[in-house]
Amino acid sequence: MEVVGKSKAHAVLESCLQDSTVYFSDHLRILKCNPYCKNIDYHADLDIFQWTFEVEDPRNNPIVALFFVQQDIEHLPPGSATLARCAEINGKAIHEDHGGKLIRWKAADSAPDITITNNNTFIGAADAEICLLHHPDNKTSVHFETNITLDFKLSFPLNLMPEMVLKFMTETIMSQIMQHATDSMLCKIQSDLCCSDAAIATQGGSSSARG
């Protein structure tokens, strides 16, 4: 059963666009702010990161999720559609003439061979966009959107439940966990950057599986 979880968050950082970009480009430092991330490996031959996440199911049994991710960084020039979209979400005045930065985490095209030795470990796909916008007061807005897809193998007695009901419940719980992780990450980042404005606007939700 394929399920999709989503999270969204926005924060204002007390650092300029250049410094914020350098900070968010540090993949290991950002992921270590995630309370569910247990380990991060970098496969230099493939230029991909391997995330190991762990959460507990309702019976307090560990569920491990592995993700293989590539990171790309691109400049958003003035007038670009992505810059305009992020500026519309922002709701505050930004320096569009400065453009912006977009950091993408996307599911890797190839991954190392992994042997799964238990029924509680799953390989998923993760995609995220981190949009950074420059403020006139030399601050930076950050918009963080993440989608995660996992394919669960249902065992007894879960396989007795209607799949659509179980899918809805699982996606709702997964999105709530992801939202908590995203909020926690941004709070730690704000604290690290000595931000005075700790308010984070969040919007979580669930999505139907792809396909």
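The values are calculated or read from the model by the stated rules, or taken from the named source; none is laboratory data. Everything quoted here is computed from the prediction, not taken from an experiment. A quick note on method: Cβ atoms are made from the backbone with ideal geometry, for glycine too, and the neighbour counts reach across all protein chains shown.
Quick look at the numbers
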item	result
Odd one out for S15 among (1) part of a strand (DSSP E or B); (2) surrounded by 13 or more Cβ atoms within 10 Å (Cβ to Cβ)	(1)
Scope region 57-99; condition of a type outside the set (V, I, T), at pLDDT 85 or above and surrounded by 14 or more Cβ atoms within 10 Å (Cβ to Cβ); matching residues	A65, L66, F67, F68, Q70, Q71, L76
Residue ID - nearest to L17 (Cα to Cα), chosen from residues in region 117-163 that are modelled with pLDDT under 80 and of a type in the set (A, V, I, L, M)	L154
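This table checks each residue for (1) more than 14 Å from the chain's Cα centre (by Cα); (2) more than 30 Å from A87 (Cβ to Cβ); (3) of a type in the set (S, T, N, Q); (4) modelled with pLDDT under 90.
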position	(1), (2), (3), (4)
V3	yes, yes, no, yes
S7	no, no, yes, no
E14	yes, no, no, yes
T21	yes, no, yes, no
K38	yes, yes, no, no
I48	yes, yes, no, no
